[in-house]
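Before any comments, here is the structure.
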Amino acid sequence: MGVCPLARTPLLRDNFSGPLDPGARPEVLTCTSWGAPIIWDGTFDPDVAQQEAVQRNLTVGLTVFAVGRYLEKYLERFLETAEQHFMVGQRVVYYVFTERPAAVPRVPLGPGRRLRVERVARERRWQDVSMARMRALQAALGGRLGREARFVLCMDVDQHFSGAFGPEALAESVAQLHAWHYRWPQRRLPFERDARSAAALGPGEGDFYYHAAVFGGSVAALRRLRAHCARGLRRDRARGLEARWHDESHLNKFFWLHKPAKLLSPEFCWSPEIGRRAEIRRPRLLWAPKEYALLRS
Ligand code: U5P
């Protein structure tokens, strides 16, 4: 797998990875069938990525939801570790969505880094919190976030940064390979298969299973993604349906129809519960163990 054609096309003009070296990781897939690079540790030069981003004078947005108990439990560590590892040396604007702005911890921020808090309504069911993210994101992208950031990454809060997460993760549209599923055969991937759902993929459809804990792209690309998911969610709801993995199912449908320009390897969002794997060299984000019984009660 020596070349990755998309890395040289206009779609990846905004690549920020420097010259990619897919051959540096012969044991893993470093390029998709449509030519998008899959970013693994060792395939990019973090210093070049950093320089490119600085030259372009980028502002990167990072959105995160912290509603209900997720705020006290996860937000502080998420932000503190983001200050250590996320886009260090770049201009960053955090957007925290919560129903309790006054409870957002005051994490000291480095130069050129800001935090904005957006109030959202508290949904009754956890499934609705997760889906309401798409609605709030649309409002922010159409407003101040959309004006001040060139690229935006959208993340779950129940995780923390454990390694450098820099501009190599940026592109027109970015999808995260799901840590639990990247080795699974295509037919077993947990896509929505109920043909009545707007998120449904037919037999044989689906490239990879993407994790909604990390996705991103340009403001325009994210607005398209958001509009697609919101339409699907509305359509399903009108029919009394809820896709298997909620907004993640709709996200997967979107990325099947509109291929992402860049994929992040599971190193970018790893679950320690999986245990050690030789190809996971340096995890950059680590999920917290899921404590649904406690958090969703
Ligand atoms: N979330 C909340 N509060 C909730 C449920 C979800 O803030 O009650 C947000 C968090 O950012 C969480 C993400 O990381 O949605 C995905 O939720 P989960 O399905 O992984 O719990």
Mind putting a number on the dipole of segment 77-175 about its Cα centre? Charges go on the C-beta only, +1 for Lys and Arg and -1 for Asp and Glu, and I need it in Debye to the nearest 20. 440
With +1 at each Lys and Arg Cβ and -1 at each Asp and Glu Cβ, the charge dipole magnitude of the chain around its Cα centre, to the nearest 20 debye, comes out at 1040
Given the -39500 (n - 2.57) contribution per DSSP H run of 4+ residues, what per-residue ellipticity at 222 nm results for the chain, rounded to the nearest 500 deg cm²/dmol? -7500 deg cm²/dmol
Using only Cα atoms, locate the centre of segment 223-291 and the centre of segment 178-214, then give the distance between them in Å, rounded to an integer. 9
Have a look at GLY240, GLY61, SER265 and report the one farthest towards the positive end of the charge dipole of segment 5-295, computed about the Cα centre with Cβ charges (Lys/Arg +1, Asp/Glu -1). GLY240
More than 11 Å apart: what percent of Cα pairs in segment 41-84 qualify? 75
Given the options SER249, ILE39, GLN51, identify the residue whose Cα lies farthest towards the positive end of the charge dipole of the chain (+1 on Cβ of Lys, Arg; -1 on Cβ of Asp, Glu). SER249
For segment 5-295, dividing by residue count, accessible area per residue (probe 1.4 Å) in Å² works out to 44
Enumerate by residue number the trypsin sites (Lys or Arg not before Pro) in segment 11-112 meeting two conditions: DSSP loop (anything except H, G, I, E, B), and at most 11 other Cβ atoms within 10 Å of the site's Cβ. ARG13, ARG106
Given the chain, what whole percent of its Cα pairs are spread farther than 33 Å? 17
Return the lysines within reach of LYS290: Cα separation strictly under 18 angstrom, same-chain partners fewer than 8 residues apart disregarded; answer none if there are no such residues. LYS73
For the chain, with all protein chains present and a 1.4 Å probe, just round the carbon and sulfur fraction of the accessible area to a whole percent. 51
So which trypsin sites (Lys or Arg not before Pro) in segment 195-297 pass both tests, a DSSP loop state and at most 14 other Cβ atoms within 10 Å of the Cβ? ARG196, ARG239, ARG276, ARG277, ARG281, LYS290, ARG296
Would you mind telling me the antiparallel percentage of the DSSP bridges in the chain, rounded to 5? 35
Please list, by residue number, every one of the trypsin sites (Lys or Arg not before Pro) in segment 108-172 that is coil in DSSP and has at most 14 other beta-carbon atoms within 10 Å. ARG122, ARG124, ARG125
Checking a compactness column here: for segment 78-130, what do you get for Rg(Cα) / (2.2 N^0.38 Å), N being the number of residues? 1.32
Highest average packing first - 174-187, 34-47, Cβ atoms within 10 Å: 34-47, 174-187
Taking the dipole of segment 5-295 about the Cα centre (Lys, Arg +1; Asp, Glu -1; charges at Cβ), the one of VAL117, GLN176, GLN90 that reaches farthest to the positive side is VAL117
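The values are calculated or read from the model by the stated rules, or taken from the named source; none is laboratory data. Just so it is clear, the structure is predicted and the values come from calculations on it, not from any experiment. Positions of Cβ are generated from backbone atoms using ideal geometry, with glycine treated the same way; all protein chains shown enter the neighbour counts. Remember, those area values only see protein heavy atoms, side chains included, never the ligands or the DNA or RNA. Shrake-Rupley method; radii C 1.70, N 1.55, O 1.52, S 1.80 Å.
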